[in-house]
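The values are calculated or read from the model by the stated rules, or taken from the named source; none is laboratory data. Note that the structure is predicted; figures quoted are calculated from it, not measured. In this analysis, Cβ positions are derived from the backbone assuming ideal geometry, glycine residues included, and neighbour counts consider all displayed protein chains.
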Amino acid sequence: MLPAQTSVGGQKMLLNGAGLRTFLGFRVYVAALYLPVPMREAGRVLESDTPSRLQLTLLRDTSMEHNLEALRAGLHGNHSAAELEAIKSEIALFFGLIQTVRELPAGTVIQLDYQPGTGVSVRIGGRNLGLIPGERFNRAILKIWLGHDPTQISLKKSLLGIESQAL
């Protein structure tokens, strides 16, 4: 079960919402969004320069290559070519960090912690992989789940606390 609160950079964060990512009937991962205060509108979350944690708990064994393809698709589905070009170096750094992890067994926890003025700290399986600077990158990565073309609409609603799913 997911904790109702956590801490990012020493700041208390509340579970905004959580949901299940499914694909072709398979349970893929549980996603959870933590924020300092609850926000129910995607636009408000994306425009707020506040600390956050996006946490994914894998429910199936997977390869990093499969996850990279899903991340690329999510980025391309929610950004124009110009927007992606503007954060090209941050995306390359992010992909470089996560490529150091080859296999992701079921139960692996991925945490993307954002701190204003610092950037997104990437943690996979309890291992700190590094930091991607900037607010733009944080907004871009959150759009994969909260953007106009989210990875799964029901998951977006669950992360925003609008709809709850049985986990």
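Of all residues in region 42-67, those that are in a helix (DSSP H, G or I) and either within 18 Å of Gly126 (Cα to Cα) or out of contact with any Ser or Thr (no Cβ under 8 Å at 6 or more places or on another chain) (or both) total 9. Close contacts from region 97-111, counting a first residue that is among the acidic types (Asp, Glu) and a second that is not in a loop (DSSP other than H, G, I, E, B), with Cβ to Cβ under 9 Å and a gap of 6+ residues or different chains, come to Glu103/Thr62; Glu103/Ser63; Glu103/Met64.
For region 78-98, the count of residues that are under 23 Å from Gly9 (Cα atoms) and surrounded by fewer than 13 Cβ atoms within 10 Å (Cβ to Cβ) is zero. Listed by position, the strands (runs of 3 or more DSSP E) inside region 81-167 whose residues that are closer than 19 Å to Arg44 by Cα, modelled with pLDDT of 95 or more and among the aromatic types (Phe, Trp, Tyr) number at least 1 are 109-115. Of the numbered criteria (1) in contact with a Pro (Cβ under 8 Å, 6 or more places away or on another chain); (2) closer than 14 Å to Ser52 by Cα, the one Gly134 fails is (1). Within region 1-15, the set of residues being in contact with a Phe, Trp or Tyr (Cβ under 8 Å, 6 or more places away or on another chain) and closer than 24 Å to Arg60 by Cα comprises Leu15 only.
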